[in-house]
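Colleague: First the structure, which I've put down as structure tokens, then a few questions once you've had a look.
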Amino acid sequence: MSTEPDQIKDVKSHANRRIVIACSAFVASMVGVSYAAVPLYELFCQVTGYGGTIQRTEQFSDTILDRTVKIRFDANTAAGLPWDFKPVQREVEVRIGETILVNYTATNTSSLSTTGQATFNVTPMAAGAYFNKVQCFCFTETELKPGESLEMPVLFFVDPEIVEAADTQNIDTITLSYTFFPHETEKPVAAAAVPVQDNSNL
């Protein structure tokens, strides 16, 4: 009796095991990437200035123009972080160079304490170089107890030099967007991909 069918079964079984191992390694690597998303994003933005990275400063602008610009605020929460995160104000109109304080709020809607960390960006991206933060909660580990709410301030101004550059002088609306992710010390979510919930219109 020929042993060929058994040999074929062995080959197929071996191939299937390799596929399972490869898929498991891929899922694990994707979870690992999402696990370290915030610190990697922070480092990347600091080095490259990518994505409308906001400028950090400890000084206020000493020049305030008569011209105004509309600032819109966006809030998102990644899967695995059970928070209701949103801006207190959807938008404000400010004079260029004027220092403004706005607030975001976050509420832990779960029965467990959870820790999050926020990334941010500005659009249009060219405006990022002129959007100056004096105070911000981005990249800070924030822990919320079950049902706890927290108000998070953002103190900023738009640099008057924005009206001088050819690629930014006609900008009349800037969007500041934050996304909160589970902190890297939290248990990673089971899904390989990390979908993001947009809470801006809630």
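Colleague: So in the range 70-109, with the set limited to residues that are surrounded by fewer than 21 Cβ atoms within 10 Å (Cβ to Cβ) and among the polar types (S, T, N, Q), which one is farthest from the chain's Cα centre (by Cα)?
Modeller: So the residue we want is 99.
Colleague: Another one. Tell me the residue from 65, 155, 112 that is touching a Cys at 6+ places or on another chain (Cβ under 9 Å), open to solvent by 10 Å² or more (accessible area, probe 1.4 Å) and either over 14 Å from residue 175 (Cα atoms) or of a type outside the set (Asp, Glu) (or both), please.
Modeller: Values: 65 fails: touching a Cys at 6+ places or on another chain (Cβ under 9 Å); 112 fails: touching a Cys at 6+ places or on another chain (Cβ under 9 Å).
Going through 65, 155, 112 in turn, just one is touching a Cys at 6+ places or on another chain (Cβ under 9 Å), open to solvent by 10 Å² or more (accessible area, probe 1.4 Å) and either over 14 Å from residue 175 (Cα atoms) or of a type outside the set (Asp, Glu) (or both): 155.
Colleague: Within the set of pairs 6+ apart or on separate chains, which have a first residue in the range 74-90 that is within 19 Å of residue 121 (Cβ to Cβ), a second that is acidic (Asp, Glu) and in a strand (DSSP E or B), and C-beta atoms under 7 Å apart?
Modeller: What qualifies is 76/198.
Colleague: Oh, and also: Return a yes/no flag: does the range 169-184 have any residue that is out of contact with any strand residue (DSSP E or B) (no Cβ under 7 Å at 6 or more places or on another chain) and exposed (fewer than 14 other Cβ atoms within 10 Å of the Cβ).
Modeller: yes
Colleague: Is one or more of the residues making up the range 132-145 at pLDDT 95 or above, charged (D, E, K, R) and open to solvent by 10 Å² or more (accessible area, probe 1.4 Å)?
Modeller: For the range 132-145, residues at pLDDT 95 or above, charged (D, E, K, R) and open to solvent by 10 Å² or more (accessible area, probe 1.4 Å): present.
The values are calculated or read from the model by the stated rules, or taken from the named source; none is laboratory data. As the structure is a prediction and not an experimental result, all values here were calculated from the model. When we count neighbours, we look across all protein chains shown, and the Cβ atoms used for this are built from the backbone with ideal geometry, even at glycine. We work out accessible area using only protein heavy atoms, side chains counted, and drop any ligands, DNA or RNA first. Shrake-Rupley method; radii C 1.70, N 1.55, O 1.52, S 1.80 Å.
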